[in-house]
1. Report the one residue of Gly218, Thr51, Ile26 whose Cα lies farthest in the direction of the positive end of the charge dipole of the chain (charges on C-beta: Lys and Arg +1, Asp and Glu -1; origin at the Cα centre).
2. What shape does region 296-380 have by the C-alpha gyration tensor, where a ≥ b ≥ c are the square roots of the eigenvalues, rounded means a/c under 1.5, and otherwise prolate means a/b greater than b/c and oblate the rest?
3. Evaluate the distance, in nm, between pseudo-label points positioned 7 Å from the Cα of Asp224 and of Lys118 along their respective Cα→Cβ axes.
4. To the nearest 10 square angstrom, how much accessible area does Cys360 have with a 1.4 angstrom probe?
5. Mean 1/r over all different Cα pairs, inverted: what Kirkwood radius does the chain give, in Å?
6. Within region 359-389, which residues have the backbone N less than 13 Å from the label spot 7 Å out from Glu326 along Cα→beta-carbon, could you tell me?
7. Let me make sure I get this right: for region 123-164, a, b and c are the square roots of the gyration tensor eigenvalues over alpha carbons, sorted descending. Under 1.5 in a/c it's rounded, otherwise prolate if a/b > b/c, else oblate. Which is it?
8. For region 191-302, with only Lys/Arg (+1) and Asp/Glu (-1) charged at the beta-carbon, what is the dipole magnitude about the Cα centre, in debye rounded to 20?
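The values are calculated or read from the model by the stated rules, or taken from the named source; none is laboratory data. These figures come from a predicted structure and were not determined experimentally. Neighbour counts run over all protein chains shown; Cβ positions are idealised from the backbone, glycine included. Calculation scope for accessible area: heavy atoms of the full protein, side chains included, ligands and nucleic acids excluded. Shrake-Rupley method; radii C 1.70, N 1.55, O 1.52, S 1.80 Å.
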Amino acid sequence: MILEKYSFGLGDRFGRQGKAQLQAMINAKEQAVQITPVWNKSHREHTLIGTEPAGVRAEADAAVKALGWEGSHYVDADHIGLANVDLFMDSSDFFTLDVADFMGKNAAEDEISAFVNKHSKYIGSLAIPGIDETIEITKEQISKISRKVLFAIKEAGRIYRHIKSAKGADNFVTEVSMDETDSPQMPIEVLFILAAIADEGIPAQTIAPKFTGRFNKGVDYVGDVTQFEKEFSQDLAVIAFAVKEFGLPKNLKLSIHSGSDKFSIYKPINKALKKFDAGLHIKTAGTTWLEEIVGLAIAGGSGLAIAKQIYQQALSRFDELCGPYETVIDIDKEKLPAPEIVDRWGPAEYADALRHNQSCDKYNANFRQLLHVAYKIAAEMGEDYLNALEKHEKVIAEQVTENIYLRHITPIFID
Ligand SMILES: [Zn+2]
């Protein structure tokens with residue numbers, strides 16, 4: 001399977017918005033931009049919500065059928081490892097091998113020295129087309145990088161071979177992710193990570209490094225946009241170089257995780273993709289769930305009541321809900337609206353506070369982040385929540401499609 005140039009990772013916590021999400025790809029196609037939908041859900045998400053991998057496959061296939069989508073589509077086993085990959089084997093044809101937990105563990109000394117020797121020809125000044133300055137590489141650097149990443153990439157190899165033996169090499173797409181680590185990977189590290197991936201025989205079609213800056217859940221990028229732009233462009237140059245140099249798949253491209261809502265870097269990304277004629281995979285997950293809440297609020301009546309109920313409960317369970325997301329949210333508690341205030345809100349006030357429209361002065365990033373991590377509450381509501389989604393399907397679907405198409409696809413791939 002060969003993943004297309006542009007692809008979009010769609011997360012759908014409750015599995016009800018497949019059609020509304022796919023509609024955004026159809027809108028793009030009408031603008032002559034082909035974007036392949038990839039529905040992704042991690043083991044962690046399945047566990048928290050109480051869903052099964054087969055449900056994502058059923059949702060994706062049903063959406064594709066209902067809307068007559070003729071392009072390909074994929075179901076991504078997101079952030080899996082050897083411990084849980086088997087749960088996804090039947091339903092997925094895209095596997096994100098997460099080796100972040102193995103970063104920094106040391107490979108055997110002889111493996112490290114073999115790696116350094118094999119790649120010693122890069123010691124000195126390396127010119128990579130598309131990067132203005134030459135990169136100075138020392139033996140110590142290669143050794144240091146291999147100590148950090150080699151063990152993890154070998155683990156990725158074990159996961160890859162396990163999937164290959166179950167499914168056959170041509171029947172799935174492989175991504176290698178290391179975004180959930182502490183420190184960002186510089187382009188030179190990406191180069192040797194790709195060397196190790198090639199050595200391990202992993203036909204990676206996407207790679208998710210950790211980029212510089214903060215990719216908080218559901219809100220804009222926080223960091224130095226100029227620095228991001230520089231590193232992103234250099235990563236694209238390194239990938240193009242590595243494809244030729246190491247014989248990796250020709251369609252290998254970057255994957256941006258927690259990619260939703262990073263509005264301030266979409267323009268630099270768009271520019272760099274055009275400059276390098278490069279592909280991109282961008283993953284989003286929680287965005288769609290927040291649009292469900294926006295839609296429920298706009299619906300008013302019982303919809304708005306549920307939206308308020310979820311916020312009230314989220315406030316009272318703040319620590320429990322925020323704990324697992326501690327490193328990827330930044331909530332100023334002082335700026336969260338008090339429950340009695342939210343209680344008086346009408347549909348527009350609730351929607352304006354939540355919807356990620358930075359030009360609206362009622363938008364509240366703290367309110368938004370808390371709701372982002374509050375999906376567990378909706379999951380606990382069970383049928384009550386799902387029935388509300390069904391009852392207000394039309395208005396919710398409009399929010400979901402508009403969010404993906406206008407706020408994400410348009411600035412990244414079309415404008
Ligand atoms: Zn990720």
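1. Ile26
2. On the way: a/c = 1.76, a/b = 1.24, b/c = 1.42.
Taking the square roots of the gyration eigenvalues as a ≥ b ≥ c, region 296-380 is oblate.
3. A separation of 3.4 nm, rounded to one decimal place.
4. 30
5. Numbers: mean 1/r = 0.0452 Å⁻¹.
Computed over Cα pairs of the chain, the Kirkwood hydrodynamic radius comes out at 22.1 Å.
6. Under cut-off, by backbone N: nothing.
7. Details: a/c = 4.85, a/b = 1.96, b/c = 2.47.
Cα axes put region 123-164 in the oblate bin.
8. Numbers: 13 positive and 12 negative charges, 49 e Å.
So the dipole magnitude of region 191-302 works out to roughly 240 debye.
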